[in-house]
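A.B. asks: Sharing a structure here in structure tokens format.
No value in this document is a laboratory result; all are computed from the given coordinates. Owing to the predicted nature of the structure, the values given are computational and were not obtained by experimental measurement. Heads up, the Cβs are rebuilt from the backbone with ideal geometry, glycines too, and the neighbour counts pull from every protein chain shown.
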Amino acid sequence: MLHRSIAANIRYGRPQATDDEVVAAAQRAHAHEFIVGLRDWKDRTGYAAHAGERGVKLSGGQRQRVALARVILKTRRSWCWTRPPARSTARSRRRSRSSSNR
């Protein structure tokens with residue numbers, strides 16, 4: 001994670017992406033739900049909250065979801081995993097399969 005906003009971390013995959021495209025990618029990656037509840041130490045919230053050093057501390061699964069949103073935004077086409085990511089739970093594997101089928 002870069003020491004930037006969550007939106008900038010997702011947008012890193014395609015810098016010219018609009019805010020709506022960033023949110024849509026996060027929704028497909030099932031990251032939107034936790035992103036809107038984030039607040040960093042400077043009271044920035046949601047997609048404006050900073051991650052990384054001195055920012056919001058994200059769990060490993062949350063970091064994976066942000067990275068997945070970045071890939072979705074960058075590719076904008078179908079993708080699939082050959083196997084689930086390490087340390088993923090049964091619930092997160094089901095959610096990932098459902099998002100990849102959209």
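A.B. asks: Given H placed on each backbone N at 1.01 Å, which residues far from R4 in sequence or on other chains put an amide H within less than 5 Å of it?
C.D. replies: Result for R4 returns A51.
A.B. asks: While we're on this one: Give me the net charge for the shell around G37: Cβ to Cβ below 14 angstrom, other residues only, Lys and Arg +1, Asp and Glu -1. Provide the component values of the computation, followed by the final result.
C.D. replies: Working: positive: R39, R44, K57, R65; negative: E33, D40, D43.
Once positives and negatives cancel, what remains is +1.
A.B. asks: Compute the FRET efficiency between V36 and V71 as 1/(1 + (r/R0)^6), taking r as their Cβ-Cβ distance and R0 = 25 Å, and round to the nearest 0.05. Can you show the working numbers first?
C.D. replies: On the way: r = 21 Å, r/R0 = 0.82.
After rounding to 0.05, the efficiency reads 0.75.
A.B. asks: At 7 Å along the Cα-to-beta-carbon direction for both R44 and L2, put a label point, then send me their distance in nm to one decimal.
C.D. replies: Output for this residue pair reads 1.2 nm.
A.B. asks: While we're here: Is the shape of region 4-62 rounded, prolate or oblate, going by the alpha carbon gyration tensor and its root eigenvalues a ≥ b ≥ c, with a/c under 1.5 for rounded and a/b larger than b/c for prolate? Numbers along the way, then the final one.
C.D. replies: Values: a/c = 1.71, a/b = 1.40, b/c = 1.22.
Here region 4-62 falls in the prolate category.
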